[in-house]
1. Mind checking the full-extension length gain between residue 270 and residue 284? Use 0.36 nm per residue of separation minus the Cα-Cα distance, one decimal, nm.
2. Under 4.7 Å Cβ to Cβ, no partner at all: give me those cysteines from the chain, in residue order.
3. Can you work out the Karplus-derived ³J(HN,Hα) for every residue in the range 286-302? Use 6.51 cos²θ - 1.76 cosθ + 1.60 with θ = phi - 60°, whole Hz, and x for glycine or proline.
4. Take every Cα pair under 8 Å in the range 2-162 that's 6+ residues apart, average their separations, divide by the length, and report that relative contact order as a whole percent.
5. Evaluate the relative contact order of the chain (contact order divided by residue number), counting alpha-carbon pairs under 8 angstrom at least 6 apart; express in whole percent.
6. Using only the Cα atoms of the chain, what do you get for the radius of gyration and for Dmax, in Å?
7. Once the other residues with Cβ under 15 Å from the Cβ of residue 10 are scored (Lys, Arg +1; Asp, Glu -1), what is the net sum?
8. Only Lys, Arg, Asp and Glu count, each charged at its Cβ (+1, +1, -1, -1), so figure out the dipole size of the range 166-351 about its Cα centre, rounded to 20 debye.
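Derivation of every value follows stated rules applied to the coordinates shown; laboratory data play no part. The structure displayed is predicted, hence computed values, not measured ones. All Cβ positions, even for glycine, are placed from backbone atoms using ideal geometry, and neighbour counts span all protein chains on display.
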Amino acid sequence: MRVLNETICDSNVSIYVGQGALKVLEELKDKKVALFYSKKIDPSKVKAHLKNYIEVPMIDGEEAKDINYALKLVKTLFENGFDRGDYVIALGGGTVTDVVGFVASIYMRGINLINIPTTLLGMVDASIGGKTGVNFENVKNVIGTFYQPTMIISDLDFLSTLPTEEIRKGLAEVIKYGLVLDKELYDFLAMNKDRVLSKDYEALEEIIYKSSMDKLSVVKADERETKGIRIVLNFGHTIGHAIEAGSNFEIPHGYAISVGMVCEAKMAEEVGYAEEGVVEDVTWILSQYGLPLSVDDLKVKINVEKALEAITKDKKIRGGYIMMPFPTRIGDWKRVDVPLETLKGFAEQCLR
């Protein structure tokens, strides 16, 4: 097992990565714990390491993200007498960590939070960084906070039963880190495709640990997205989010981001920020892992108008420009303020 400790503002964050990492929960034997989890998940592996806990099975999907549902979870903590010295555990995917993280951040102005992601995507992205969010008036994540978990436990045993397709979806985010932040990770992915896709534990531990380290270092430098550094985590996401919206969210996040990275790398090369060969490097590594390179590969019809409309609502827009991280070479990047109309023109070429 590998351990990563970091201080973000005044919060100490510990990440545990490895097979059997859940054993660190035994440190909470004498603590009061609320275990929140999706009804789709068997919590028995976690419960085996706890003593004084209550279980809170959660509903799934967008209903769980509603502000009123989040307040019901707050009421559960209140009625069970939880205080700021107690703990809440978010066991599951991005929806669970979004909602439970939000609940933890507002209950008594902050209660100890532990994220236990159960997918590769959760382990390398959703559980790290402190972003929480719930929906309001049918608008996604319009209410949220930045709130760092005390612990993130990435136990590889959760991945053993996942189909390869689910691993692939998470690998798009891992590849993102390699492309714009970590050439060493890119090289590891390039040389260990078979080990990663066959879920070799040592290979998975390596890519999850490196991805966690990369994301945490960015978050430490720019926790609240005020310095133009955290923007790097959005590589592939501006057009990727547009693809998701244009498909009515039928396309999995990882696949949309994969195509988004190709589109944005081509854009970076065309406007002169990326070195020659970057696009080929991007498309090669994604194809090695069987990830889509174009909208044709997605096999879902994209409503281009709806996709372009989503771009105009992007939170990174400032005064008619949108902040984008462009890859300059493998493992490096540059922030560029792109005119919104220019981006829409590139995106339309890419999506048709």
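1. Difference between extended and current length: 3.2 nm.
2. 9
3. 5, 5, 4, 9, x, 8, x, 10, 8, 5, 4, 5, 6, 6, 10, 5, 9
4. Relative CO of the range 2-162 lands at 26 percent.
5. Relative contact order of the chain: 15 percent.
6. Every Cα atom of the chain included, Rg and Dmax give 19.8, 60 Å.
7. With Lys, Arg at +1 and Asp, Glu at -1, the net is +2.
8. That gives a dipole near 580 debye.
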